[in-house]
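Undergrad: The structure is given below, and queries will be raised subsequently.
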Amino acid sequence: MIDEPVAFSADALNRIDAIRAHPQYDHTKWSDASLEPVRVDVRDHYRRVQRFVCPYCLNLLSVRSAAGSTVEHIAPKATYVGYMFEPLNLCVCCPDCNEYKRNREVHVDPPVKGYVPVNYPSDPKKFRIVHPHFDEYSKHIRRAGILYIPLSEKGSYTFYVCHLGRYISEFGVTDAMFNDLNAVMQRHRFHEG
């Protein structure tokens with residue numbers, strides 16, 4: 001979905017280096033006021049290359065509001081502070097997916113506690129979640145309106161961690177939607193057992 005990771009400017013790299021040099025450097029430093037221009041650059045870049053679409057639910061992102069286009073750390077920064085500024089670990093997502101996903105583990109084989117590999121994994125098989133930089137969404141999840149259908153283990157995990165069934169959970173299934181699904185199932189001759 002994302003074929004152009006953010007490239008940090010010289011100013012951004014200086015700000016990042018200054019934060020990393022802080023004696024109490026941890027994931028909470030992402031919110032430091034000195035990084036505001038970096039967050040703006042990251043948000044603006046990914047909004048553009050993602051065409052204002054959340055990579056997890058495919059809903060539209062905010063064009064202007066920062067709250068409506070959350071900078072997302074795919075591997076959570078609280079666990080993977082070394083990846084906090086890794087371009088392949090960044091994207092923007094909708095506030096709902098960000099809130100549901102939070103600090104969920106995304107690696108197939110999570111690193112031993114306290115040890116995180118220096119290099120960010122580039123193999124899509126290393127991730128449980130549909131990775132916006134490495135995976136093709138339609139191979140893992142199909143969407144029809146508010147209905148999401150997982151097509152793979154990654155799709156199922158993404159469905160779970162981002163709670164892609166949230167609209168159905170909140171509003172239920174209408175008789176019309178249920179009848180449409182039944183008609184599709186009969187048309188394709190799905191059988192139980």
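Computed from the coordinates by the stated procedures, all read-outs in this text should not be read as laboratory data. Given the structure is predicted, the values throughout are model-derived calculations rather than measurements. Neighbour counts are summed over all protein chains in view; Cβ atoms, including those assigned to glycine, are modelled from backbone coordinates with ideal geometry.
Undergrad: Between the DSSP loop rule and a limit of at most 13 other Cβ atoms within 10 Å, which trypsin sites (Lys or Arg not before Pro) in the stretch 21-127 are left?
TA: Taking the stretch 21-127 and a limit of 13 other Cβ atoms within 10 Å, the loop trypsin sites (Lys or Arg not before Pro) found are Arg51, Arg64, Arg102, Lys113.
Undergrad: Which net charge results when you count Lys and Arg as +1 and Asp and Glu as -1 among the other residues whose beta-carbon is under 15 Å from that of Ala10?
TA: -2
Undergrad: Cross-link list Lys77/Lys125; Lys29/Lys154; Lys126/Lys154; Lys77/Lys139: which exceed 22 angstrom alpha carbon to alpha carbon?
TA: Values: Lys77/Lys125 20 Å; Lys29/Lys154 30 Å; Lys126/Lys154 11 Å; Lys77/Lys139 27 Å.
Violating the 22 Å limit, Cα to Cα: Lys29/Lys154; Lys77/Lys139.
Undergrad: List the residues whose amide H sits under 5 Å from the amide H of Glu72, counting only those 5 or more places along or on another chain, with H placed 1.01 Å from N in the peptide plane.
TA: Answer set, sorted by chain and number: Cys91, Val92, Cys93.
Undergrad: Restricting to DSSP H runs of at least four residues, report the calculated mean residue ellipticity at 222 nm for the chain, -39500 (n - 2.57) per run over all residues, nearest 500 deg cm²/dmol.
TA: -9000 deg cm²/dmol
Undergrad: Moving on. Do any chymotrypsin sites (Phe, Trp or Tyr not before Pro) in the stretch 54-162 lie in a loop, going by DSSP, with at most 15 other beta-carbon atoms within 10 Å of their beta carbon, and if so which?
TA: Tyr115
Undergrad: While we're here: Take the chain, connect every pair of alpha-carbon atoms lying under 10 Å apart with a spring to form a Gaussian network, then pick out the residue of Ser31, Ser156, Ser62 with the largest mean-square fluctuation.
TA: Taking springs between Cα atoms under 10 Å, the residue moving most is Ser31.
Undergrad: For every other residue with a beta carbon closer than 12 angstrom to the beta carbon of Tyr100, add +1 if it is Lys or Arg and -1 if Asp or Glu, then tell me the sum.
TA: My count for the surroundings of Tyr100 gives +1.
Undergrad: The list (1) 16.4; (2) 11.9; (3) 13.2 gives values of mean projected area of the Cα convex hull in nm², and only one came from this structure; which label was calculated from it?
TA: (3)
Undergrad: As an exercise, use a Förster radius of 22 Å and the Cβ-Cβ distance of Ser31 and Ser62 to find the FRET efficiency, rounded to the nearest 0.05.
TA: 0.70
Undergrad: What percent of all Cα-Cα pairs in the stretch 15-80 falls in each 5 Å bin, counting up from 0?
TA: Answer for the stretch 15-80: a P(r) of 3, 15, 25, 22, 17, 12, 5, 1 percent.
Undergrad: Taking the Cβ of Met1 as the centre, find all other residues whose Cβ is under 14 Å away and add up their charges (Lys, Arg: +1; Asp, Glu: -1).
TA: Values: positive: Arg47, Arg48, Arg51, Lys139, Arg143, Lys154; negative: Asp3, Glu4, Glu72, Asp135, Glu136.
Summing Lys and Arg as +1 and Asp and Glu as -1 gives +1.
Undergrad: For a quick check of your reading of the filter: which GluC sites (Glu not before Pro) in the stretch 87-157 sit in a DSSP loop and have no more than 12 other Cβ atoms within 10 Å?
TA: Here the GluC sites (Glu not before Pro) that fit, given the DSSP loop and packing criteria, are Glu136.
Undergrad: Could you check which residue among Ala66, Ala144, Ala78 shows the biggest mean-square fluctuation in a GNM of the chain with a 10 Å Cα cutoff?
TA: Ala144
Undergrad: If you don't mind, there's one more thing I want to ask. Using alpha carbons only, how many degrees (0 to 90, rounded to 10) separate the axis of helix 10-20 from the longest principal axis of the chain?
TA: With both axes taken from Cα atoms, the answer is about 90 degrees.
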